[in-house]
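The values are calculated or read from the model by the stated rules, or taken from the named source; none is laboratory data. Quick caveat, the model's predicted, so the values are computed rather than measured. Don't worry about glycine lacking a Cβ; one is built from the backbone with ideal geometry, like all the others, and counts go over all protein chains shown.
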Amino acid sequence: MMESKNNIGDLICGRYRLKMSGAEFRPLVMGVLNVTPDSFSDGGVYASLDLAITHAENMIAEGVDIIDIGGESTRPGSPPVSVEEELSRVMPVIYALRDCGKPLSLDTRRAVVMREAIAAGIDMINDIEGFRNEDSLRAVSESDCGLCIMHMQGEPQTMQDHPHYVNVITEVSTFLAKRVAAAEMAGIARDRICIDLGFGFGKTLQHNLDLLANSEMIQSELRLPLLVGLSRKSMIGQITGKPVEQRLAGSLSAALVAVKHGARIVRVHDVAETVDALKVWQAVESIN
Ligand code: YH5
């Protein structure tokens, strides 16, 4: 039988094997767990370990599939966080959630932080720099954790100043293909990798929309599962005219649009609402 263009193999991440297509597949929800005291998304409420754990427990009760722990804010204007500070934020959370029953992802750009998290049993590393630092590829190659390889143009502090592409679709997909090849060269099996177009990371609204509309094509060309992060982002604000605290409806719509365009994993702040939206999607997808 001919292999369908939508057929993407399972994603191996640490202790877990996640189905990415076929009859048992449903789009997965990655819940954002910020442990940054300066985070706009939780206003410092989750600065303490106890509150981060409570947030994680709530997400689990709401049906989260993957928990994405982040200790470094990459918002333009956020103060840089030292390695020690990042470690002191994320490591206690990783230890506390280690046996929560859900795959744990860590949003970090630092190879030393990756190594510590891998030693503590993290299941996935989510690197917004796409593992461009060769030391980060070495860090993950010595483990069996999953990788999320994301595209970003420029650096977080300045990336939204003048985003520029001749062809955003080919530039982003070529970048991802090169990073995937580098990961494979470093001994990382392809079935450990998912890709992310990096919405809002050095992109105008038009760039974001072009990428979203062409997500399915990029995913089928690279033949790797696509993870999409649109939740609460400026793009939603630009489209709806709403401030960050009023972007829930826009974010839910964006999650459904992403899934319509092939996304296998959606990274979101509002887990309960996204799980419901995707249940409605899935009810129609799984007839017969
Ligand atoms: C992502 O897309 N994003 S952190 C600005 C906002 C709202 C939210 C102004 N880490 C991604 O969530 N990892 C982040 O409003 C990510 N993909 C992956 N893989 C930025 C963020 C946000 C930024």
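Are any residues in region 231-244 out of contact with any strand residue (DSSP E or B) (no Cβ under 6 Å at 6 or more places or on another chain), near the ligand (Cβ under 7 Å from one of its atoms) and outside any helix (DSSP H, G or I), and if so, which ones?
Selection gives R232, K233.
Just wondering, is there one or more residues in region 212-231 that are buried (at least 23 other Cβ atoms within 10 Å of the Cβ) and over 16 Å from the mean Cα position of the chain (by Cα)?
no
Considering only residues that are within 12 Å of the ligand (Cβ to nearest atom) and either buried (at least 24 other Cβ atoms within 10 Å of the Cβ) or not in a loop (DSSP other than H, G, I, E, B) (or both), which ones fall in region 256-270?
A258, A263, I265, V266, R267, V268
Quick one: would you say M124 is under 13 Å from the mean Cα position of the chain (by Cα) and touching a residue at least 40 places away in the same chain (Cβ under 8 Å)? Walk me through it before giving the result.
Working: under 13 Å from the mean Cα position of the chain (by Cα): yes; touching a residue at least 40 places away in the same chain (Cβ under 8 Å): yes.
So M124 fits the description; yes.
Of the residues in region 197-224, how many are touching a residue at least 60 places away in the same chain (Cβ under 8 Å) and either within 12 Å of the ligand (Cβ to nearest atom) or among the hydrophobic types (A, V, I, L, M, F, W, C) (or both)?
Total meeting the criteria: 3.
Of the residues E171, E129, E155, only one is under 20 Å from the mean Cα position of the chain (by Cα), acidic (D, E), at pLDDT 95 or above and over 27 Å from K19 (Cα atoms); which?
Values: E129 fails: over 27 Å from K19 (Cα atoms); E155 fails: at pLDDT 95 or above.
That would be E171, the only listed residue that is under 20 Å from the mean Cα position of the chain (by Cα), acidic (D, E), at pLDDT 95 or above and over 27 Å from K19 (Cα atoms).
Which of the residues belonging to region 82-106 are in contact with a Gly (Cβ under 7 Å, 6 or more places away or on another chain) and among the β-branched types (V, I, T)? Show your work before the answer.
Of all residues in region 82-106, those in contact with a Gly (Cβ under 7 Å, 6 or more places away or on another chain) come to 86, 89-90, 98, 103.
Answer for region 82-106, where residues must be in contact with a Gly (Cβ under 7 Å, 6 or more places away or on another chain) and among the β-branched types (V, I, T): just V90.
Buried (at least 21 other Cβ atoms within 10 Å of the Cβ) and either out of contact with any helix residue (DSSP H, G or I) (no Cβ under 6 Å at 6 or more places or on another chain) or free of Cβ contacts under 8 Å to residues at least 12 places away in the same chain (or both): does that describe L278? I'd like the intermediate steps shown before the answer.
Working: buried (at least 21 other Cβ atoms within 10 Å of the Cβ): yes; either out of contact with any helix residue (DSSP H, G or I) (no Cβ under 6 Å at 6 or more places or on another chain) or free of Cβ contacts under 8 Å to residues at least 12 places away in the same chain (or both): yes.
Taking the combined requirement at face value, the residue satisfies it.
Return yes or no: is K279 modelled with pLDDT of 95 or more, basic (K, R), part of a helix (DSSP H, G or I) and within 22 Å of N58 (Cβ to Cβ)? Walk me through it before giving the result.
Details: modelled with pLDDT of 95 or more: yes; basic (K, R): yes; part of a helix (DSSP H, G or I): yes; within 22 Å of N58 (Cβ to Cβ): yes.
Yes; evaluated as a whole, the condition is true for this residue.
Note down all Cβ pairs under 8 Å where the first residue falls in region 153-179 and is hydroxyl-bearing (S, T, Y), the second is in a loop (DSSP other than H, G, I, E, B), and they're at least six residues apart or on different chains.
T158/P76; Y165/Q153
Cβ-Cβ distance below 6 Å, separation of 6 or more or different chains: which pairs start in region 63-92 with a residue that is over 14 Å from I125 (Cα atoms) and touching a residue at least 12 places away in the same chain (Cβ under 8 Å) and end on one that is away from the ligand (no atom under 11 Å from the Cβ) and assigned to a strand (DSSP E or B)?
Within 6 Å, the pairs are V64/V29; V64/G31; D65/L28; D65/V29.
Tell me, which residue of region 238-288 that is in contact with a Lys or Arg (Cβ under 6 Å, 6 or more places away or on another chain) and of a type outside the set (D, E, K, R) is farthest from S21 (Cα to Cα)?
Our first condition is that a residue be in contact with a Lys or Arg (Cβ under 6 Å, 6 or more places away or on another chain); within region 238-288, this holds for 244, 247, 251, 269, 282.
The next check asks that each one be of a type outside the set (D, E, K, R); those that pass are 244, 251, 269, 282.
On the way: V244: 33, S251: 24, H269: 24, Q282: 13 Å.
Ranking the candidates gives V244 first.
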